[in-house]
Amino acid sequence: MSTPKASLPVIRRLPRYFRYIAELKASGKSRVSSSQLAEIMGSTPSQVRQDFNCFGGFGQQGIGYSVDLLHSEIEHLIFPNECINAVLVGAGSLGATIANFVLHEADSVKLNAIFDNNINLVGKTLHNIKILNSDTIVEYCQEHKPDLIIACIPKAAAEKFAPVLSATGVKGVWNFTHYDFSIHDKSLIVENVHLRDSLMALSYRINHKEDE
């Protein structure tokens, strides 16, 4: 398959496609049409076809898509390598929750190390992984070359950490802070996750439901 050229909105829809197709596969369904996928996704059949055409199509006109083929092709698009190696910065309550998710739910991501600057946490373990001092993260990353840093630290700490993060050589950041690391280093691929923003958007929709 040729190198995908897809817009960010299409890329952001891929995980939803993958999740729904995995459910279809688990239910024993062998084929699915663009109309059926559009109904599940809340979009249109033409949108589904346009999205898939960004990656070569996957289907045959008139007979729909093989569920097994869709599942394997989209999985390969999202996780082309065997595993994404990650380290986590911030061993507080949010970091502990995200670490638990990665260890038990994110099959293609391997959490190799956890860092924190709290001397009361350094040396202890979180989910059976020893918490290392944040001061050693550059040395660790240069030696072990992880792909991803998961940032679960406060905004003020994130701003101070930004120059250090650039020195680690990682390719991307799964960012749960309120600081966008790409401001400091535009070469980084950053996925910002703002839980508060999501909650506020939900609050607005609940309170203005009649306007939608």
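The values are calculated or read from the model by the stated rules, or taken from the named source; none is laboratory data. Because the structure is a prediction, the values reported are computed rather than measured. Using ideal geometry, Cβ is built from the backbone for each residue, glycine included, and neighbour counts are taken over all protein chains shown. Keep in mind that these areas ignore ligands, DNA and RNA; they rest on the heavy atoms of the full protein, side chains included. Shrake-Rupley method; radii C 1.70, N 1.55, O 1.52, S 1.80 Å.
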For region 89-104: of the residues being without any contact (Cβ under 8 Å) to a residue 40 or more places away in the chain and either at positive phi or not hydrophobic (A, V, I, L, M, F, W, C) (or both), which is most open to solvent (accessible area, probe 1.4 Å)? HIS104
Could you go through region 39-51 and let me know if any residue there is within 15 Å of PHE18 (Cα to Cα), out of contact with any Ser or Thr (no Cβ under 7 Å at 6 or more places or on another chain), part of a strand (DSSP E or B) and among the β-branched types (Val, Ile, Thr). no
Considering residues of region 164-206 that are within 19 Å of ASN117 (Cα to Cα) and of a type in the set (Val, Ile, Thr) only, the residue nearest to the chain's Cα centre (by Cα): VAL173
Among the residues of region 111-120, is there at least one that is under 26 Å from PRO80 (Cα atoms), open to solvent by 50 Å² or more (accessible area, probe 1.4 Å) and not polar (S, T, N, Q)? no
Of the conditions (1) more than 30 Å from ILE153 (Cβ to Cβ); (2) modelled with pLDDT of 85 or more, GLY56 fails just one. Which one is it? (2)
Odd one out for VAL67, checked against (1) under 30 Å from ILE119 (Cβ atoms); (2) open to solvent by less than 30 Å² (accessible area, probe 1.4 Å): (1)
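So, GLU82, is that one closer than 26 Å to ALA6 by Cβ and open to solvent by 70 Å² or more (accessible area, probe 1.4 Å) or not? Even if it seems obvious, please write down each step before you answer.
Details: closer than 26 Å to ALA6 by Cβ: yes; open to solvent by 70 Å² or more (accessible area, probe 1.4 Å): yes.
So GLU82 passes the test.
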Regarding ARG31, is this residue open to solvent by 80 Å² or more (accessible area, probe 1.4 Å), over 23 Å from the mean Cα position of the chain (by Cα) and not hydrophobic (A, V, I, L, M, F, W, C)? yes
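Would you check which residues across region 162-177 are at pLDDT below 90 and not in a helix (DSSP H, G or I) and list them? Before the answer, list the steps.
First pass over region 162-177, keeping only residues at pLDDT below 90: 166.
Passing the criteria: none in range.
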Qualifying positions in region 169-212 - within 22 Å of HIS144 (Cα to Cα) and open to solvent by less than 40 Å² (accessible area, probe 1.4 Å): VAL170, GLY172, VAL173, ASN175, PHE181, ASP185, LEU188, VAL190
